[in-house]
1. If you take the residues of the range 111-165 that are of a type in the set (Ser, Thr, Tyr) and under 16 Å from the mean Cα position of the chain (by Cα), which of them is surrounded by the fewest Cβ atoms within 10 Å (Cβ to Cβ)?
2. Within the range 50-71, which residues are closer than 10 Å to Val34 by Cβ and either among the aliphatic types (A, V, I, L, M) or touching a Pro at 6+ places or on another chain (Cβ under 7 Å) (or both)?
3. Out of curiosity, is Ala173 exposed (fewer than 12 other Cβ atoms within 10 Å of the Cβ) and at pLDDT 95 or above?
4. Filter the range 8-27 down to residues that are out of contact with any Gly (no Cβ under 8 Å at 6 or more places or on another chain) and assigned to a strand (DSSP E or B) and give me whichever is surrounded by the most Cβ atoms within 10 Å (Cβ to Cβ).
5. Only one of (1) surrounded by 13 or more Cβ atoms within 10 Å (Cβ to Cβ); (2) touching a residue at least 24 places away in the same chain (Cβ under 8 Å) is not met by Leu82, so which one is it?
6. Could you please let me know if Ala30 is surrounded by 14 or more Cβ atoms within 10 Å (Cβ to Cβ), touching a Gly at 6+ places or on another chain (Cβ under 7 Å) and either more than 15 Å from Glu149 (Cβ to Cβ) or among the small types (Gly, Ala, Ser) (or both)?
7. Among the polar types (S, T, N, Q) and either in contact with a Lys or Arg (Cβ under 6 Å, 6 or more places away or on another chain) or part of a helix (DSSP H, G or I) (or both) - does that describe any residue in the range 42-49?
8. How do the helices (runs of 4 or more DSSP H) wholly within the range 87-182 filter down when requiring 3 or more residues that are under 17 Å from Leu37 (Cβ atoms) and among the hydroxyl-bearing types (Ser, Thr, Tyr): which remain?
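The values are calculated or read from the model by the stated rules, or taken from the named source; none is laboratory data. All of these numbers come straight from a predicted model, not from anything done at the bench. Ideal geometry is used to build each Cβ from the backbone, glycine not excepted, and the neighbour counts take in all protein chains shown.
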Amino acid sequence: MKIYTKKGDLGETSLIGGKRVPKNDIKIEAYGTVDELNSWIGLIRDQTTDTSQTTLLIEIQDRLFTIGSLLAKADEAVKMKLPEIHHSDSESLEAKIDEMNEELPEMKSFVLPGGHPLVSQTHIARCVCRRAERLVVALHQVTPNYEKEMQYLNRLSDFLFVLSRKLTKELKAKEEPWKPRI
């Protein structure tokens with residue numbers, strides 16, 4: 001199989017189902033950002049030594065591929081069976097967030113991203129996740145059928161924030177509180 005087809009040389013690409021759209025179509029922006037997020041999650045996964053974290057991050061990457069495929073589907077009926085996102089996927093993240101939060105000190109202010117390269121990368125993934133969520137919200141406003149995907153991305157950004165705090169603790173990095181100058 002050739003990687004290049006030359007069909008996108010003039011700025012268009014195909015959605016699942018064959019419909020051609022510009023490469024800056026909101027669907028392409030949305031699933032491209034989800035793909036970017038998946039790559040950041042992979043980088044975080046590559047640096048963790050905790051096997052339970054690795055397993056969870058692989059599950060998250062699987063869910064992100066699922067979201068990407070759902071976003072890449074043409075609005076018209078597509079005969080191809082695609083995986084789905086379920087409310088239980090978001091609930092699973094909620095349970096993990098609650099579990100990690102039990103081990104963390106109470107937050108008394110916003111915290112500045114940083115303290116360790118892995119913590120910073122987790123914050124970057126959180127920001128990319130928020131951008132993906134905003135794009136899916138914009139897509140949902142045009143084609144309202146992405147509730148579960150929006151919920152999952154919203155919960156995932158929360159998960160990534162709590163994971164950054166957990167990694168800060170595990171790595172014995174300093175959590176820097178934001179002290180606004182007034």
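1. Step one: list which residues in the range 111-165 are of a type in the set (Ser, Thr, Tyr), which gives 120, 122, 143, 146, 152, 157, 164.
Now drop any that are not under 16 Å from the mean Cα position of the chain (by Cα), which leaves 120, 122, 146, 152, 157, 164.
On the way: Ser120: 15, Thr122: 27, Tyr146: 21, Tyr152: 27, Ser157: 20, Ser164: 26.
For the range 111-165, the residue satisfying everything is Ser120.
2. Those that are closer than 10 Å to Val34 by Cβ and either among the aliphatic types (A, V, I, L, M) or touching a Pro at 6+ places or on another chain (Cβ under 7 Å) (or both): Leu64, Thr66, Ile67, Ser69, Leu70, Leu71.
3. On the way: exposed (fewer than 12 other Cβ atoms within 10 Å of the Cβ): no; at pLDDT 95 or above: yes.
The answer is no for Ala173.
4. Thr13
5. Only one criterion in (1) surrounded by 13 or more Cβ atoms within 10 Å (Cβ to Cβ); (2) touching a residue at least 24 places away in the same chain (Cβ under 8 Å) is unmet by Leu82, namely (1).
6. Against the criterion (surrounded by 14 or more Cβ atoms within 10 Å (Cβ to Cβ), touching a Gly at 6+ places or on another chain (Cβ under 7 Å) and either more than 15 Å from Glu149 (Cβ to Cβ) or among the small types (Gly, Ala, Ser) (or both)), Ala30 does not qualify.
7. Yes: one or more hits.
8. Here the list reads 147-170.
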